[in-house]
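Here's the structure, in structure tokens; my notes come after.
The values are calculated or read from the model by the stated rules, or taken from the named source; none is laboratory data. What you see is a predicted model; the values in this text were computed from it and never measured. Note that we place each Cβ from the backbone using ideal geometry, even for glycine, and neighbour counts take in every protein chain shown.
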Amino acid sequence: MKKIELEIVALSHSVTQTHSYAVVLGEVNGLRRLPIVIGGFEAQAIAVALERMQPSRPLTHDLFANFMTTFNIELIEVVIYKLEEGIFFSRLICKNEEEVIEIDSRTSDALALAVRANCHIYTFENILETAGLYLDQTETPTEESTEADPEKKTAAKTTAPSNGELKDLNLEELNTLLQQVLEQEDYVRAITIRDEINARKKK
């Protein structure tokens, strides 16, 4: 199965849910976006690496990266290979002097390490088709949409319905709401709406 290359294009802090973050992966040379909900610690770890900040003491992901470097282990790529019940599964593809080794990893940790190793990130078409979101072709990236620090992220507050109220909307209304939320760059909220749309389509 052909791998599709992704890159980190944004870290999004939900404007409707406290302490909720999403890392947004963009299809290289494409319009699809793959938002993945992550914790605040992982969001900070990714932001620190993207901004090339140097903490006074190594963060956990810095320690792991330093460990790999010390023992001549190279992280050559990260592959998001499975999506099951809303959970993304990833593998670290590592190489030492003798062999290539695959290590299972939480996707948030894999991405935090990928930024530090400056390695490629991949997924497969079926995952992008299921969980990806399409950008409007007229949209152009802005400084705000690629902001790496979630604490600096600003967006207009959406008045989107709560999770329970989503069930009262029809598919057309859900798709309209999804586009509105994407325009506000609340990717955490967009994930919830996307999952509701996908669940309806399966019925």
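From the list A22, A45, which one is buried (at least 22 other Cβ atoms within 10 Å of the Cβ), among the small types (G, A, S) and farther than 18 Å from V181 by Cβ? Break it down into steps so the answer makes sense when it comes.
Values: A22 fails: farther than 18 Å from V181 by Cβ.
Result: A45 is the single residue among A22, A45 that is buried (at least 22 other Cβ atoms within 10 Å of the Cβ), among the small types (G, A, S) and farther than 18 Å from V181 by Cβ.
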Response to the item:
Across region 30-42, the tally of residues that are over 23 Å from E183 (Cα atoms) and assigned to a loop (DSSP other than H, G, I, E, B) stands at 0
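Restricting to region 96-113, give me the number of residues that are among the hydroxyl-bearing types (S, T, Y) and either part of a strand (DSSP E or B) or touching a Cys at 6+ places or on another chain (Cβ under 8 Å) (or both).
Step one: of region 96-113, the residues among the hydroxyl-bearing types (S, T, Y) are 105, 107-108.
In the following step, the residues that additionally are either part of a strand (DSSP E or B) or touching a Cys at 6+ places or on another chain (Cβ under 8 Å) (or both) were identified as 105.
Residues in region 96-113 being among the hydroxyl-bearing types (S, T, Y) and either part of a strand (DSSP E or B) or touching a Cys at 6+ places or on another chain (Cβ under 8 Å) (or both): 1 in total.
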Worksheet entry | Of residues in region 100-140 being modelled with pLDDT of 95 or more and of a type in the set (D, E, K, R), the one farthest from I191 (Cα to Cα) | E102
Worksheet entry | region 163-203, residues that are closer than 23 Å to A43 by Cα and either among the acidic types (D, E) or not in a helix (DSSP H, G or I) (or both) | E183, Q184, E185, D186, D195
